[in-house]
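Heads up: the structure comes next, in structure tokens.
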Amino acid sequence: MDKIIINGNRPLKGTVPISGAKNAALPLIAATLLAPGTYTLNNVPDLRDTRTMCNLLQTLGAVWERSGTSVQIDTSHLTGAEAPYDLVKTMRASVLVLGPLIARAGFARVSLPGGCAIGARPINFHLRGFEQLGVSTILEGGYVEARVEAPLTGSTVYFDIPSVTGTENILMASVYAQGKTIIKNAAKEPEVENLIEMLSSMGAKIEGRGTDRLTVTGVASLQPVEATIIPDRIEAGTYLMAVGAAGGELEITNCDPAHLPALVEKLRAAGMQVEAGTTTMSAFCPVDSDGRRCPLIGVDITTLPYPGFATDLQAQFMALMIQSDGVSIIHETIFENRFMHVAELQRLGADITIEGSRAVVRGISRDTLCGAPVMATDLRASASLVVAGLAASGTTEISRIYHLERGYENMVEKLQKVGADIRIQSDS
């Protein structure tokens, strides 16, 4: 099994380009099922998850091919409406094919989703929303079977808590529903806005973009389009924290700083210098008169739906705080099991105590942080281990890096180009 090997405690310097957002690409790929024809999606990251989603569409009868950062998908001739377990088990976002299949085919059978083991992610939000539109759903044998017995009819769908994939699924299911569908307490993430932009260009009528109340007026038909994936805000945030941990100075390009308000505020509070342009960001840690890096200040965070602090950045922020001056309280409100990286960070010397949904991080000196063999437990945990490994002295070996490959395009190569001593070691 491949490993990432990091010889840490080396400052970073240079430019890191940001790839397209995985969490935006997946629903846009699913949306190509809504209307027959050929679509072109630009700025699609080449990741394990995006390939899995395209392969899932292929099992339904679609044809796809990649050319550079663009992917063409032809959904003219669907031959099935079942998403099998072998594909779905590796990626929770595969449940996003439910909405468009319901809308176009009136039937879908999708295996319950898998992905990272970071906590319960029930799809009851999705199913309750579908039922409000007139869809019959059954859970049986590990599959969701959804069937439309009569024309879909617009209704009011309320989410107890904002659900990104739930909002996206209901949006796609409701575009053909008769009348109006109102989604209350909808997710406001930029990835949801990206999907709304694509659906609108296809001919859907959606009001309320960027708010927690979306109104969809059903239409009779949609047409294929060319769409562009937004930059990955989680990837951009990860590199900001990487330079915070390792020291040095980075310019982040091809990004959208407006998508990271909470993180930028917290990084500045911790003592980092972060400057934002229109599509670029620069970040560095201050140094004293002798050129020695000034210690970061411990800062508290609470993960919240957008525009709050993203749960997908929590693990990386914790890796940054383990060498801060003071105590940080990390409060995770989204996923109950999203502290599995703590035990691995402790192997590097981190002083972290878990108290229910909170982690108390007591900063240690850079000299105390020392490389060790660690294991990735999920996608963002793997990124946190890279961030910590870049700061630690000695060698850090990260195993189970297939988690990282699900969501970060060419991370090792990008870090190598800005001075990190990092490589992939293949055991095959």
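Here the Karplus relation 6.51 cos²θ - 1.76 cosθ + 1.60, evaluated at θ = phi - 60°, turns the backbone of the stretch 221-230 into coupling constants of 7, 10, 10, x, 9, 9, 9, 10, 6, 6 Hz, with x for every Gly and Pro. Excluding residues on the same chain fewer than 8 positions from LYS417, give the aspartates and glutamates whose Cα lies under 15 Å from its Cα. The qualifying aspartates and glutamates are GLU249, GLU251, GLU409. Between amide H atoms placed 1.01 Å from N, distances below 5 Å from LEU12 occur with GLY247, GLY248, GLU249, all of them 5 or more places distant or on a separate chain.
Could you give the length gained on full extension between SER365 and ASN410, defined as 0.36 nm per residue of separation minus the Cα-Cα distance, in nm?
Length gained, SER365 through ASN410: 13.2 nm.
Distance between the C-alpha centres of the stretch 40-98 and the stretch 350-428: 30 Å, rounded to the whole angstrom. Computed from the Cα positions only, the extents of the stretch 22-228 along the three principal axes stand at 40, 37, 32 Å, in decreasing order.
In the chain, the calculated helix contribution to ellipticity at 222 nm averages -8500 deg cm²/dmol per residue, counting -39,500 (n - 2.57) for every DSSP H run with n ≥ 4. Taking 7 Å steps out from each Cα toward its Cβ at THR278 and GLU397 produces label points 4.9 nm apart. Counting only alpha carbon atoms, the long axis of helix 379-391 and the longest principal axis of the chain meet at about 20°. Of TYR176, TYR143, TYR158, the sequence from fewest to most neighbouring Cβ atoms within 10 angstrom is TYR158, TYR143, TYR176. Spatially, the stretch 316-346 and the stretch 132-169 are offset by 35 Å when compared through their Cα centroids. Toward the positive end of the charge dipole of the stretch 151-293, with +1 on the Cβ of Lys and Arg and -1 on the Cβ of Asp and Glu, the farthest Cα among ALA246, GLY210, LEU263 is that of GLY210. Annotation: for a label point projected 7 angstrom from Cα along Cα→Cβ of THR253, residues of the stretch 207-237 with backbone N closer than 17 Å are 231-232, 236. Extension gain for ASP325 to THR69 (0.36 nm times residue separation, less C-alpha to C-alpha distance): 88.0 nm. With each label modelled as a point 7 angstrom along the Cα→C-beta vector, the ASP2-GLN346 pair spans 3.0 nm.
So if I place +1 on the C-beta of Lys and Arg and -1 on the C-beta of Asp and Glu, and nothing else carries charge, what would the dipole magnitude of the chain be about its Cα centre? I want it in debye, nearest 20.
About 200 debye.
Around the amide H of ILE334, modelled in the peptide plane, lies no amide H under 5 Å away from a residue 5 or more places distant or on another chain. Think of each Lys and Arg Cβ as +1 and each Asp and Glu Cβ as -1; about the Cα centre, that makes the dipole of the stretch 22-228 roughly 200 debye.
For the chain, a Gaussian network of Cα nodes joined below 10 Å ranks ASP290, ASP160, ASP86 by mean-square fluctuation, and the top entry is ASP290.
We did not get these values from a lab; they are worked out from the coordinates using the rules stated. Nothing here was measured: the structure is a model prediction, and the numbers come from that model. Ideal geometry is used to build each Cβ from the backbone, glycine not excepted, and the neighbour counts take in all protein chains shown.
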